[in-house]
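Heads up: the structure comes next, in structure tokens.
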Amino acid sequence: GEDVEQSLFLSVREGDSSVINCTYTDSSSTYLYWYKQEPGAGLQLLTYIFSNMDMKQDQRLTVLLNKKDKHLSLRIADTQTGDSAIYFCAVNSGYSTLTFGKGTMLLVSP
Amino acid sequence: EPEVTQTPSHQVTQMGQEVILRCVPISNHLYFYWYRQILGQKVEFLVSFYNNEISEKSEIFDDQFSVERPDGSNFTLKIRSTKLEDSAMYFCASSEYGRSSYEQYFGPGTRLTVT
């Protein structure tokens, strides 16, 4: 089945850019998502990219997709302390199902 | 903004007991899902539900699990005889359409602790 891998932890300083990486195995995945989870809260959809795109930008967020290498990244520009959270990469793996990575904990220090 | 709600936020139960986790999906959504996340592990798909029947389910969703939409607003996950390994955060989600290309909105989760 589909497997999604992410690095577990990233620490950056406020104002720097953060890059969170994700790899997946199923080349037929057509939608790739980034979710954010703040402490005690549910999973919030941040952005997604369709597989025929290489890049998608949404304000401070940039998603890059390398389909050949099955690599997805999320760049957060001008990272703020409020961006500290766990970020999950997810890909569609069935008609209605999502497969998630373990999540990357982003810690932003002042 | 409409949101998915879940109750309770934390449930503690003894091994062998039945638990029912409740969710209220977004009102105009037609597709409902349960996922779970064991501490330190990935968020895993359990089941999807549409038109009062299961659309897809994972290997985790065995005979101990069942889902129901008992009325027009609630969507429940029942675990008949809980095991220690059922301890996890359970997330409910809903979407307007069924294909996973459409946004799934997640609730805040119910933390289930089986002792």
#### Entry: All positions within the range B:23-53 that are loosely packed, with under 13 Cβ neighbours inside 10 Å, within 12 Å of another protein chain (Cβ to nearest Cβ) and not polar (S, T, N, Q)
B:Leu39, B:Gly40
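Just a yes or no: is a residue in the range B:70-87 within 14 Å of another protein chain (Cβ to nearest Cβ), assigned to a strand (DSSP E or B), at pLDDT 90 or above and closer than 22 Å to A:Asn92 by Cβ? Before the answer, list the steps.
If we filter the range B:70-87 for residues that are within 14 Å of another protein chain (Cβ to nearest Cβ), which is where we start, we get none.
Among the residues of the range B:70-87, not one is within 14 Å of another protein chain (Cβ to nearest Cβ), assigned to a strand (DSSP E or B), at pLDDT 90 or above and closer than 22 Å to A:Asn92 by Cβ, which makes the answer no.
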## Note on the structure
Only one of A:Ser51, A:Ser11, A:Ser18 is of a type in the set (S, T, N, Q), without any contact (Cβ under 8 Å) to a residue 24 or more places away in the chain and over 14 Å from A:Leu98 (Cβ atoms), namely A:Ser51
### Query
Does the range B:57-65 contain any residue that is within 11 Å of chain A (Cβ to nearest Cβ) and at positive phi?
no
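Looking only at residues in the range B:88-115 that are of a type in the set (Gly, Ala, Ser) and not in a loop (DSSP other than H, G, I, E, B), which one is modelled with the highest pLDDT?
Initially, the range B:88-115 is screened for residues of a type in the set (Gly, Ala, Ser), giving B:88, B:93-95, B:98, B:100-101, B:107, B:109.
Still in the list and also not in a loop (DSSP other than H, G, I, E, B): B:88, B:93-95.
Numbers: B:Ala88: 97, B:Ala93: 94, B:Ser94: 93, B:Ser95: 89.
That would be B:Ala88.
Residue by residue through the range A:12-34, note down the ones that are within 17 Å of A:Gln80 (Cα to Cα) and of a type in the set (Ser, Thr, Tyr). Give the derivation first.
The initial filter retains those residues of the range A:12-34 that are within 17 Å of A:Gln80 (Cα to Cα), namely A:12-20.
Residues satisfying the conditions are A:Ser17, A:Ser18.
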### Message
Just to be sure before I move on: is A:Ser96 within 11 Å of chain B (Cβ to nearest Cβ) and either touching a strand residue (DSSP E or B) at 6+ places or on another chain (Cβ under 8 Å) or touching a residue at least 12 places away in the same chain (Cβ under 8 Å) (or both) in the structure I sent?
### Response
yes
### Query
Only one of (1) modelled with pLDDT of 90 or more; (2) aromatic (Phe, Trp, Tyr); (3) assigned to a loop (DSSP other than H, G, I, E, B) fails for A:Tyr87. Which number is that?
(3)
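Only strands (runs of 3 or more DSSP E) wholly contained in the range A:1-46 count here; list those with 2 or more residues that are closer than 21 Å to A:Asp78 by Cβ. Break it down into steps so the answer makes sense when it comes.
Details: elements: A:4-6, A:9-13, A:18-24, A:31-37.
It comes to A:9-13, A:18-24, A:31-37.
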### Task
Could you list, in sequence order, all residues of the range A:54-77 that are free of Cβ contacts under 8 Å to residues at least 40 places away in the same chain and either assigned to a strand (DSSP E or B) or of a type in the set (Asp, Glu) (or both)?
A:Asp54, A:Met55, A:Lys56, A:Gln57, A:Asp58, A:Leu61, A:Thr62, A:Val63, A:Leu64, A:Leu65, A:Asn66
### Query
Can you tell me how many residues in the range B:44-72 are within 10 Å of the chain's Cα centre (by Cα) and polar (S, T, N, Q)?
2
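Consider A:Asp78 carefully, then state whether it is open to solvent by 60 Å² or more (accessible area, probe 1.4 Å), away from chain B (no Cβ under 14 Å), within 26 Å of A:Pro110 (Cα to Cα) and in contact with a Gly (Cβ under 7 Å, 6 or more places away or on another chain). Please lay out each step first, then the result.
On the way: open to solvent by 60 Å² or more (accessible area, probe 1.4 Å): yes; away from chain B (no Cβ under 14 Å): yes; within 26 Å of A:Pro110 (Cα to Cα): yes; in contact with a Gly (Cβ under 7 Å, 6 or more places away or on another chain): yes.
Yes: the conditions hold for A:Asp78.
The values are calculated or read from the model by the stated rules, or taken from the named source; none is laboratory data. Everything quoted here is computed from the prediction, not taken from an experiment. All Cβ positions, even for glycine, are placed from backbone atoms using ideal geometry, and neighbour counts span all protein chains on display. To get the accessible areas, we keep the full protein, side chains included, count just its heavy atoms, and leave off ligands, DNA and RNA. Shrake-Rupley method; radii C 1.70, N 1.55, O 1.52, S 1.80 Å.
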